[in-house]
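The structure under discussion appears below in the form of structure tokens.
The values are calculated or read from the model by the stated rules, or taken from the named source; none is laboratory data. If you're wondering where the values come from, they're calculated on a predicted model, not measured in any experiment. Here the Cβ positions follow ideal geometry from the backbone for every residue, glycine too, while neighbour counts run over all protein chains shown. Accessible surface is based on the protein model in full, side chains and every heavy atom, while ligands, DNA and RNA are left aside. Shrake-Rupley method; radii C 1.70, N 1.55, O 1.52, S 1.80 Å.
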Amino acid sequence: MRPMPLEPSGRSLSIGPRVREARIERGLTIEEVARVAGLTKGFLSRIERDIVSPSVSTLVTLCEVLSISVGSLFTEPEVKFVAAGTGPRVNLGGIETEERLVTPREEARVQVLRSVISTEGRGATDLYAVAADVDVLHVLRGRVRVEFTSEQAWELGPGDTLTFNGHEPHNWSVIGDEAEVIWVLVPAIWSS
């Protein structure tokens with residue numbers, strides 16, 4: 001019995017953008033990489049735009065010039081999905097809020113929370129700060145007031161976004177009816 005050949009998946013493999021990203025991360029121009037790799041600038045440009053497929057030897061040379069492994073060009077991107085309404089409930093100390101984590105628990109680079117805040121909802125009794133370098137508040141619906149120690153206050157409506165240092169003492173409260181907001185914290189203030 002002879003083994004049957006495997007059929008190709010038909011999936012398109014895009015390595016050009018990964019080559020370009022590696023070049024840019026290293027602060028190299030297309031001219032510099034082309035010269036060291038023994039390629040023309042135009043050919044390297046076409047590789048980066050996925051117009052041409054390089055030979056294996058050209059790919060190995062490019063990876064050596066860029067100090068990356070050939071395998072890194074073929075790895076699947078790490079993607080994690082959290083379906084609507086399935087994120088775990090969390091409590092950041094808000095009063096009259098239902099907060100759900102919408103990024104994976106183990107994600108340490110950034111944390112995104114979706115909060116539904118009742119009419120009496122607020123952040124805390126007093127000003128507070130979080131252990132995030134960047135705190136972003138985006139209002140989906142309703143109105144929210146954010147106050148800082150400098151007695152500076154912002155009133156946000158649907159579509160408004162406020163970005164500030166999470167270490168800055170602040171507080172927030174709903175103006176009027178229920179509100180729904182997205183909080184983005186960088187880095188994440190906790191992870192499992």
- With respect to the numbered conditions (1) over 17 Å from G93 (Cβ atoms); (2) at pLDDT 90 or above, which one is the sole condition not fulfilled by E151? (2)
- Based on what the data block shows, is E147 part of a strand (DSSP E or B), among the charged types (D, E, K, R) and without any contact (Cβ under 8 Å) to a residue 40 or more places away in the chain? yes
- State yes or no: is E99 assigned to a loop (DSSP other than H, G, I, E, B), under 22 Å from the mean Cα position of the chain (by Cα) and not small (G, A, S)? no
- Note on the structure: Flagged in the range 150-167 as in a loop (DSSP other than H, G, I, E, B) and either under 23 Å from the mean Cα position of the chain (by Cα) or small (G, A, S) (or both), in numbering order, are S150, G157, P158, G159, D160, N165, G166, H167
- Tell me, please, whether a residue that is under 24 Å from the mean Cα position of the chain (by Cα) and either within 30 Å of E25 (Cβ to Cβ) or open to solvent by 60 Å² or more (accessible area, probe 1.4 Å) (or both) can be found in the range 116-130. no
- Task: Would you mind stating whether V79 is surrounded by fewer than 16 Cβ atoms within 10 Å (Cβ to Cβ), among the β-branched types (V, I, T), at pLDDT below 90 and assigned to a loop (DSSP other than H, G, I, E, B)?
- Result: yes
- Task: Name the residue, out of V56, V36, that is of a type outside the set (G, A, S), more than 28 Å from Q111 (Cα to Cα), open to solvent by 60 Å² or more (accessible area, probe 1.4 Å) and in contact (Cβ under 8 Å) with a residue 24 or more places away in the chain.
- Result: V36
- Among the residues of the range 167-187, the number that are surrounded by 13 or more Cβ atoms within 10 Å (Cβ to Cβ), under 21 Å from E98 (Cβ atoms) and out of contact with any Phe, Trp or Tyr (no Cβ under 7 Å at 6 or more places or on another chain) is 12
- Taking P104 as meeting all but one of (1) at pLDDT 85 or above; (2) within 22 Å of I175 (Cβ to Cβ), write down the number of the exception. (2)
- Item | A108 vs. criteria assigned to a loop (DSSP other than H, G, I, E, B), open to solvent by less than 40 Å² (accessible area, probe 1.4 Å) and at negative phi | no
- Check the range 59-66 and report whether any residue there is within 30 Å of R35 (Cα to Cα) and open to solvent by 80 Å² or more (accessible area, probe 1.4 Å). yes
- Some residue of the range 150-163 being surrounded by fewer than 17 Cβ atoms within 10 Å (Cβ to Cβ), β-branched (V, I, T) and free of Cβ contacts under 8 Å to residues at least 24 places away in the same chain: no
- Message: Any residue that is assigned to a loop (DSSP other than H, G, I, E, B), touching a residue at least 12 places away in the same chain (Cβ under 8 Å) and within 18 Å of L92 (Cα to Cα) - is there at least one of those in the range 174-188?
- Response: yes
